[in-house]
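Worksheet for the structure shown next.
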Amino acid sequence: MYGNDYAACINDELFVAVQLESVMAVDNAEAILATPGITGCWTGPSDLALSLGFHPSEMDTRDEHRLALERVLAACRDTGKIPGIAGRGLEDAHRRRLQGFQFITVTSDAALIAQGASAARSSMDNL
């Protein structure tokens, strides 16, 4: 199912990411990322905003949010790990890539399903 060499090579292809979504995680990011076997991280910017004490709708205008993400990026650089983040669409994903994030989820599965359903409905409405 996965090829004859699956067992021999799978450990070389694993990406083990820890989620850094709270102030405590950001404060300890370097120690967390230094854990043997960790490849990188995935940061949830909305959960991080909530942990910082404000609504996610404010995250793009709050310096403390930007600084927290910069600390995650610095911890990844310092430990040689891959920085990841949840994007809020293609434009946000591009912006996050320019910030230095390398593992970016462009959107959620729920958003993709909703977009597909909306497109199908529009298509049917136009018949």
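The values are calculated or read from the model by the stated rules, or taken from the named source; none is laboratory data. On a predicted model such as this, the values are computed, not experimentally measured, just so you know. Neighbour counts run over all protein chains shown; Cβ positions are idealised from the backbone, glycine included. Protein only, heavy atoms only, side chains kept; ligands, DNA and RNA dropped before computing areas. Shrake-Rupley method; radii C 1.70, N 1.55, O 1.52, S 1.80 Å.
The helix-based estimate of mean residue ellipticity at 222 nm for the chain, built from -39,500 (n - 2.57) per DSSP H run of four or more residues and divided by its residue count, is -15000 deg cm²/dmol to the nearest 500.
For mean projected area of the Cα convex hull in nm², computed directly from the structure shown, the correct entry in [x] 11.3; [y] 8.1; [z] 11.9 is [x].
Comparing Leu127, Ala7, Ala75 along the charge dipole axis of the chain, the residue lying farthest to the positive side is Leu127, per the Cβ-charge model.
Within the chain, what whole-number % of the accessible surface is contributed by carbon and sulfur, with the 1.4 Å probe and all protein chains included in the calculation? Looking at the chain in its full context, I get 55 percent from C and S. Database remark: amide H of Thr43 closer than 5 angstrom to the amide H of Leu20, Gly84, Ile85, Ala86 (H placed geometrically; neighbours at sequence offset of 5 or more, or on other chains; Pro and chain starts carry no H).
Reducing region 101-117 and region 67-81 to their Cα centroids gives an inter-centroid distance of 24 Å.
With a 1.4 Å probe rolled over the protein heavy atoms of all chains, the accessible area of Asp78, Asp12, Asp47 falls in the order Asp12, Asp78, Asp47, largest first. Per residue, the accessible area of the chain comes to 64 Å² when a 1.4 Å probe rolls over the protein heavy atoms. Measuring gaps between exposed loop sites in the chain (chymotrypsin sites (Phe, Trp or Tyr not before Pro); DSSP loop; at most 13 other Cβ atoms within 10 Å), the longest gap, sites not included, is 16-127.
Show me the helices of the chain, taken as full DSSP H stretches, that run 20 Å or more along their long axis by Cα and average -0.5 or above in Kyte-Doolittle hydropathy. The answer, listed by residue number, is 63-79, 109-125.
Taking the Cα centre of region 4-101 as origin and assigning +1 to Lys and Arg Cβ atoms and -1 to Asp and Glu Cβ atoms, the resulting dipole is close to 180 debye. Computed on the chain, with alpha-carbon pairs under 8 angstrom and 6+ residues apart, the relative contact order is 20 percent.
The phi-based Karplus calculation (6.51 cos²θ - 1.76 cosθ + 1.60; θ = phi - 60°) puts the 3J(HN,Hα) values of region 21-29 at 10, 9, 4, 4, 5, 5, 4, 10, 4 Hz, whole numbers, x for Gly and Pro. Just to be sure I understand: with springs between alpha-carbon atoms less than 10 Å apart, which residue in Ile104, Ile85, Ile113 has the highest mean-square fluctuation in the Gaussian network model of the chain? Of Ile104, Ile85, Ile113, the most mobile in the Gaussian network model is Ile113.
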